[in-house]
Structure formats: C-alpha cells, structure tokens
Amino acid sequence: MDQFDYVIVGAGTAGCLAANRLSADPDVRVLLLEAGGRDNYHWIHIPIGYLYCIGNPRTDWRYTTQAEAGLNGRSLLYPRGRVLGGSSSINGMIYMRGQREDYDGWAQLAHDPSWRWDAVLPLFKRCEDHYRGASEFHGAGGEWRVEPQRLSWKILDAFRQAAAEAGIPPTEDFNTGDNEGCGYFQVNQRRGVRWSAANAFLHPVRHRANLAVYTHAQAKHLLFEGKRCVICPTPRSNETAVATIERLWTALGAEPVRMTAELHDRVFGAGSHLPHVAAYALAAALGQLAPDVIDGIRRLPTSSLRDTTRVAASSPAMWRDIFLDNRAEVLPLIEALGARLNELRAAVAAGDADKIEKVLIAGKAGRDRVIAG
C-alpha cells in the first residue's frame, strides 16, 4: 500500500501549484489525483484550440446549468477542465486576478486577514513571470508566464476608443486590483503557446521522486479511519501502477484504489469539482446507513440512476421527476430512510454508543443483503 504525507484532489491550477510547492520538501511524499487524463491533446496547447476542448469529454466535464426562465428555458454550458491543468488547459487563457475589494471582503467575512489584497498580492507576484518584468503589481522569474495577446483587430481598437468617449477609461493592465477600464487582456501564453498550470507548475517537477501523479483517478469518497484519511478514487486503467496498492471492494462491486495520507493526515481539495466529492461521500454514508433505500431508488422503473454517483450528482429536476413518476414506490422508501435517521439521531443525542452501533450494524446487514441480491 502506497502511503503519502499529502494527497491533493484535482490537478487544476490550485492542485498543480500545491503539488509543486509541497513536493519541494524531499522529506515528504505527495500524491496528486486527477479524474481526467494527460494534457497531451494537441488542441490544448494551441490557443484557438479551446474551441475543440470545451464540450469535449476528453478534456471537459461538460457541465450545464439548470434551465433558466430568463433565457427562454435554455441551459448554458459550464466548462470545467477534466485533464491535467484543469480549466487552465481549456479556457481562454485570460490572466485576471480580480478586484481588490473582493479580496478585502472575503477577509472580513472569514475574519482572516491573509485573504486581503495586500496579503495575496506578494503570492501572485511570486508565481508570476510577467513580460514587462518585476513591478509594483507584477513579478518576474516565477513559473506563471503572462504575455500580451497577439490578437489585434481594428474593430476592437475602435470599440476601446468608443468606450473612452463614453467615459470608460482605456487600460493596459486589469491586474492592479482595479478592473475598471477597457483594453486587451493579458494572457497565460509563452511565445504564442498556452501556458497552463500543468506547464507552469507540474511538468517541470514531475521528475521528483517524492511526487506521484495519478490520472483517470476520480476521488469519490473521503473516508476516515480515526484521524487518517483514506481516499477512494475510481479504478485506474493502468493496472501496473496500481498493482502494489491495497484495493477496497465497495457495495457496487467496483475496486477503487486505496491510498492513505498517514504522516500529516492532510488531504487538499483543489478545484471547483470538490463539492461533488462531498456529494459522493454523502451518498456513500447513506449507502451504509440505508442501502436498501438507496437500492430501491436505483431500481425504480423510470429512474436513470444506476449507481451512487448518479444518485449524488443528479439535479433537483431529476429528483422531482423521479419522485412524481414513482410516488407509490418512493413514499415508503422516504419513510424508511426517515425512520432510520431518526433512530440514529436519538441514539447520538442520548450518547448511547451501543444503540449507535446497533443502527450501523443493521445498516451493514442491509448492505450485505443488497450486495447478495
């Protein structure tokens, strides 16, 4: 069984940066998990290639929003990178830090001054390699290359002039903490090629012996054994790489890779996809407590749900249709789940360890029956 000091879930911008910085200490072992594949797709690196990466299952989660009444019932694409580099491998490469007041507002809400603009600006500068060199707002020599766009159209220049006449000032830099103005964005490119987070932070350190990167490994559960976190991603296609890693058999018959972060017990969720890990974990918890209920929902005749992943990630609209189409079957299942949860709540509130264990054992027995069925 491979053991790591740090496990990072998601190889997007934050994940690649965290892997770089943490693995700089040769005395710790770092594991970086990515649900998608390698970034060796040629369209990733050609700037116009984002047109072929967004909406492509090879590189994009292909999320969509709920239908919006204000959009005449349409839903919109919500691109999120599913590849090494995450969204920095499929986006429009615009380098935009955001507004100073937003950072200061987050610091106030969190009661944490380390979120203030003046506190994070040195961190941005440390990572940056700006084409104009070091300045008050930019850094030089870092991994994250920032260059001017090569695109320049007369109609865009005319629009900027018109904006100035309307009172919107021209600007050459949107990264000083003030986003007001009109101008060309700066981009994450190096000599006309996309410079993703994987290019900047991950690939230059892949040779480090203490850094492991697993692709096609989606973390669906965060399991804890005491204070030790055990991560269970989906099975990986590279059987040679996982041969020495302990496997865990789940109620659905899958064999996820099992990895532990034992020394520092630290697991980092890096990216916008992290809430789905929590959803999967909730589905897993319900599967332990009331597997017969979850299995009953999966077996509904009009249900498109076939595993706990879909149960966890399905939309409210999907649940609505399932419940309305199967009211006679769903009501007993909801009542059974409510009774099980009430029983557990009473046991926890009373501090009755024996009762809690009995409830959980009953859930395990139900799970075993589901597996046997």
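Data table
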read-out: Listed residues 45, 216 arranged by accessible area, highest first, probe 1.4 Å; value: 216, 45
read-out: Amide proton proximity set for residue 8, modelled H, under 5 Å, gap of 5+; value: 31, 32, 33, 268
read-out: Assigned charges on the beta-carbon of Lys, Arg, Asp, Glu; region 1-141 dipole about Cα centre (debye); value: 480 debye
read-out: Heavy-atom accessible area order for 16, 127, largest first, 1.4 Å probe; value: 127, 16
read-out: GluC sites (Glu not before Pro) within region 115-176: DSSP coil, no more than 14 neighbouring Cβ in 10 Å; value: 136, 172
read-out: Prolate/oblate/rounded label for region 87-219 (Cα gyration tensor, a/c 1.5); value: oblate
read-out: Net lengthening on full extension, residue 335/residue 164 (0.36 nm per residue, minus Cα-Cα); value: 55.2 nm
read-out: Residue-level accessible surface for residue 131, protein heavy atoms, 1.4 Å, Å²; value: 80 Å²
read-out: FRET efficiency estimate (nearest 0.05) - Cβ-Cβ, residue 118 to residue 151, R0 45 angstrom; value: 0.85
read-out: Of the trypsin sites (Lys or Arg not before Pro) in region 56-133, those whose Cβ has at most 15 other Cβ within 10 Å and which sit in DSSP loop; value: 58, 62, 132
read-out: Gain on full stretching of the segment that runs from residue 131 to residue 358 - 0.36 nm per residue minus C-alpha separation; value: 75.3 nm
read-out: Sites matching chymotrypsin sites (Phe, Trp or Tyr not before Pro) across region 139-227 that sit in DSSP coil, with at most 12 neighbouring C-beta atoms within 10 Å; value: 153
read-out: Accessible heavy-atom area order of 61, 117, highest first, probe of 1.4 Å; value: 61, 117
read-out: Difference of contour (0.36 nm per residue) and Cα-Cα distance, residue 51 to residue 176; value: 42.1 nm
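The values are calculated or read from the model by the stated rules, or taken from the named source; none is laboratory data. The structure displayed is predicted, hence computed values, not measured ones. Reconstructed Cβ throughout: ideal geometry from the backbone, glycine too, with neighbour counts over all protein chains shown. What goes into the accessible areas is simple: the full protein's heavy atoms, side chains included, and nothing from ligands, DNA or RNA. Shrake-Rupley method; radii C 1.70, N 1.55, O 1.52, S 1.80 Å.
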